[in-house]
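What follows is a short report on a single structure.
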Amino acid sequence: GCGLAHSERVTPPRLRRRPLAKHPQMAEAASDSSLAPPVELVSQLGFYFSDSNLRRDRFLIRLTGADGTGAVPIETLATFNRVAAHTQDVGVIVAALRQAPGLVVSDDEQSVRRVSPLPDEDTSAARTVYVEQLPAGVTIDMLREAFGACGAVTCVSLPRSGPSHSRDALGFAFVEFETEAAAAAAPERMGGTALRDGQPPLRVMRKAAWEEQKAAYKSARAAGSRRSAKAERAKAAAAEAERAAAALPQTVVAVTAIARGGNIKAIRKEMNSVFGAVAPVEFVDYGFSNSGDPTVAYVRMETEEGAAEAVRLLSEREQPFGGAAAQFALLRGEKLLRYTDRIRELRAASGKTRQRKRQQWWERKWGAKAAEEGGGGGGGDG
């Protein structure tokens, strides 16, 4: 609640030792005219039941109910630290409650309640400002006094760093005014001013503006988290690709700088012969998987040793293909991985093409009905 930490509702040890409920002297003490309650106590008790505080006070609202008119035991109020700081005399507390506007004490003086229910609509946000860059040691009373220059202050919320009320404030606060006009004037009047000489200037804005900035910050932070997560995934994928590439056998020789204008089939046959004279060849990839680039070829050898020996020997003798000296290198790492992935994709596409052609052949020979019954999956090539 505004200006009230939950820790303020801890029962002081002396009250535990001497329970306050159903004191026989309560009525007698309350009727004693000499028990004049302090003005501050009247104000504090009235504040607990105010529209501004009661909506936010989860402890009290459980006792009063959602409409705020339920009875609260006076013995419970007496355990609040701010009440106990003023008096330990139940009669004084009862007298203060009788003077607080909008409250009614029960006939047996055991409980108190609001006269009117909480308004259906909560307009507090429009009457509230956000204040930051607060100095160390700031108090609710200091803020109430300073912002009172803009209009009547109904609530000051000063978040702290932990459950204990003795902890330092977090450096920001919310100040609620009685009117929206006072809240509208506060940013210009109080912004840039200091609570005391030598202290940092305050930054003040309407609560709605603060909520917009907070939402934008959360959105930017979430976007940053998504980018970070995406970068981490990309990094992990790259590491996995590197591991996968390292596991591949280095049996592919890239042949580059092949002269243009030569006959593709003749050069491919020549490569098979030249490389085969060094070590067994698995396949000469020239003019097909390499997208038909006539200056590049890939020769897949059966063993890593054969591939390495082919690169060494053919580089030393500057082996020409197509009438010009070619260059030879083993495919490694990411280049090797990309190449093998591409070959895998081409093989899959080629397999689908062969299956489609087989189906078409079967339909032409035996008819569409026979193909639908499964004949097309058989050995149509024969």
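The values are calculated or read from the model by the stated rules, or taken from the named source; none is laboratory data. Since this is a predicted model, take the numbers as computed values, not measurements. Glycine also receives a Cβ, built like all others from the backbone with ideal geometry; neighbour counts cover every protein chain displayed. Surface accessibility is based on the protein's heavy atoms, side chains included, excluding ligands, DNA and RNA. Shrake-Rupley method; radii C 1.70, N 1.55, O 1.52, S 1.80 Å.
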For this session: Once you have a ≥ b ≥ c as the square roots of the Cα gyration tensor eigenvalues for segment 129-267, tell me rounded if a/c is under 1.5, and otherwise prolate or oblate according to whether a/b is larger than b/c.
Result: prolate
Exercise. For segment 220-297, what is the largest minus smallest coordinate of the Cα atoms on each principal axis, given in angstrom and ordered from greatest to least?
Worked result: 61, 28, 17
For this session: Beta carbons within 10 angstrom, averaged per residue: use that to sort the peptides 146-155, 54-63, 111-120, highest first.
Result: 146-155, 54-63, 111-120
Problem set entry | Largest-first ordering by accessible area, 1.4 Å probe, given options Lys352, Lys218 | Lys352, Lys218
For this session: Rounded to whole Hz and in sequence order, give me ³J(HN,Hα) for segment 183-198 from the Karplus expression 6.51 cos²θ - 1.76 cosθ + 1.60, θ = phi - 60°, writing x for Gly and Pro.
Result: 5, 5, 7, 4, x, 6, 6, 9, x, x, 9, 10, 5, 9, 4, x
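Can you tell me how much longer the chain between Lys230 and Ala266 gets when fully stretched, taken as 0.36 nm per residue apart minus their C-alpha distance, in nm with one decimal?
Values: separation 36, 0.36 × 36 = 12.96 nm, distance 4.81 nm.
Stretched out fully, the Lys230 to Ala266 stretch lengthens by 8.1 nm.
Kindly identify segment 284-345 as rounded, prolate or oblate by the Cα gyration tensor criterion: order the square roots of the eigenvalues as a ≥ b ≥ c, call it rounded if a/c is under 1.5, otherwise compare a/b with b/c, prolate if a/b is larger, else oblate. Display every interim value, and only then the final one.
Details: a/c = 2.23, a/b = 1.24, b/c = 1.80.
Oblate, because a/c is 1.5 or more while a/b does not exceed b/c.
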Problem set entry | Compactness of segment 193-348 - radius of gyration and Dmax, Cα, Å | 28.8, 93
